[in-house]
Each structure stands twice: as structure tokens, then as C-alpha cells.
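Let me begin by presenting the structure, written as C-alpha cells, before commenting on it.
The values are calculated or read from the model by the stated rules, or taken from the named source; none is laboratory data. Keep in mind the model is a prediction, meaning the values are calculated, not measured. Virtual Cβ from ideal backbone geometry, glycine too; neighbours counted across all protein chains shown.
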């Protein structure tokens, strides 16, 4: 069933990180779908869910926390779509912006040209928003969450603000469902194309919240 550009799957269709990465690779390399299109589709789907979460009141603000990888790139696209609909926002990058490359960098540069202020952060900050979007760490993360992401995740979990995670709650192992020292406790998670196995085992259910699967055009 399609809802707002997303599709709902059951747990029997959950995939591993390796399987998802192979599906990404085949879509890009074998079928020729540019990766930038997949990122655009991901951000648009997250925007749709965010707008639903922000209803019914006008004048809402969103705080988007982005890492320096592709997950952060999805966050930049989401920020652009939300801004186009008049949503106020603050965009924070966790990490050195000089490490941002390829598709995420392209979307960061587009975002900056719209006039949206993007700030690097290295510690917990005061957040004034009705929704937090977590685009810090993606499904490929293994090992312990490093600083400053760890401290920021701890702080965000303490705030009484709904959190929407992109693809996976940052710090949750998408294969095992184990917390990598610290992980976001999401209200909802918009994950790409298929749910991930770790959402349904160990710490996964506690951290993933409501799982919404976005159809971003992955083939094969």
C-alpha cells in the first residue's frame, strides 16, 4: 500500500546491510540510475513523513542533524524540501564539512545557495523545534559511535521532542539490532526500500519506533 510516497513491508522482507548495499550497487552500476536521484527520492520521502508529523499547526520548526556521509546527504535534501514548504529550520553538521564529498556535497552546496544557514556542531546544543530529524549515521556504521556524535545522540534522546530518523536510528546496528554504545530513540524511522533486519531484534524495536519504508527507486 502506497502512502505519501512510502510503502509498507512486513518483517519477512527485511534485508541485511550487505543485501541493501548490493541492491544499491546494482541499481547504480548495472541499471544506470544515478545515485543523486536515489538521494533526491529519499529526501523527498522523508519530507512527506516530516510534514505529516508537523500537522496540523502552522509555524513549525525543524532541527536537522546531519553527518558527513550519504545519510547526511539525505538530510540536506530533506531540508531543501521542507524549506520550499515554508518550514523554519536549523541544519547542523556533526563533523568536518571538508570531509563531505560527492552527492552529499552537491546537495549541501544547493542548500547553502537557498540561504539556509548550516552550522557545524561539536557538542550538545539548545534545540528549539517541534521535530528533530536524525541524519547522522547510516546503515553501514559498525563499532562504537565516536565523539562528538555520541554526546549529541545522548542529548537529543533527553529532549522531549519527536525524532524522525533517516534510514536507521543513528547508532543502531542495522543487522544485529544492537546499540553501538549510544543510539537515537526514534519516534519514526523512514528506511529506504526495505526494512532492515536489526529493526526487529534486540534493541531494534525500542529505537526504531514506527517503521516507514520509502520507495526510492531501487531496482533488482
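Here are the numbers for this structure:
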| quantity | calculated |
| --- | --- |
| Residue list for the stretch 6-42, restricted to those being modelled with pLDDT under 95 and within 16 Å of the chain's Cα centre (by Cα) | 6 |
| Members of the stretch 45-94 found to be outside any helix (DSSP H, G or I) and under 15 Å from the mean Cα position of the chain (by Cα), listed by number | 62, 63, 64, 65, 66, 67, 68, 69, 91, 92, 93, 94 |
| Count of the stretch 151-162 residues which are under 16 Å from residue 66 (Cβ atoms) and assigned to a loop (DSSP other than H, G, I, E, B) | 0 |
| Residue 74 vs. criteria closer than 24 Å to residue 214 by Cα and in contact with a strand residue (DSSP E or B) (Cβ under 8 Å, 6 or more places away or on another chain) | yes |
| Count - residues of the stretch 204-220 that are modelled with pLDDT under 95 and assigned to a strand (DSSP E or B) | 0 |
| Selection within the stretch 86-107 - out of contact with any strand residue (DSSP E or B) (no Cβ under 7 Å at 6 or more places or on another chain), within 23 Å of residue 128 (Cα to Cα) and surrounded by fewer than 19 Cβ atoms within 10 Å (Cβ to Cβ) | 86 |
| Selection from the stretch 108-144 of residues that are more than 20 Å from residue 61 (Cα to Cα), within 16 Å of the chain's Cα centre (by Cα) and either surrounded by fewer than 21 Cβ atoms within 10 Å (Cβ to Cβ) or at pLDDT 95 or above (or both) | 137, 138, 139, 140 |
| Per-region count, the stretch 123-150, residues under 27 Å from residue 17 (Cα atoms), in a loop (DSSP other than H, G, I, E, B), touching a residue at least 40 places away in the same chain (Cβ under 8 Å) and in contact with a strand residue (DSSP E or B) (Cβ under 9 Å, 6 or more places away or on another chain) | 5 |
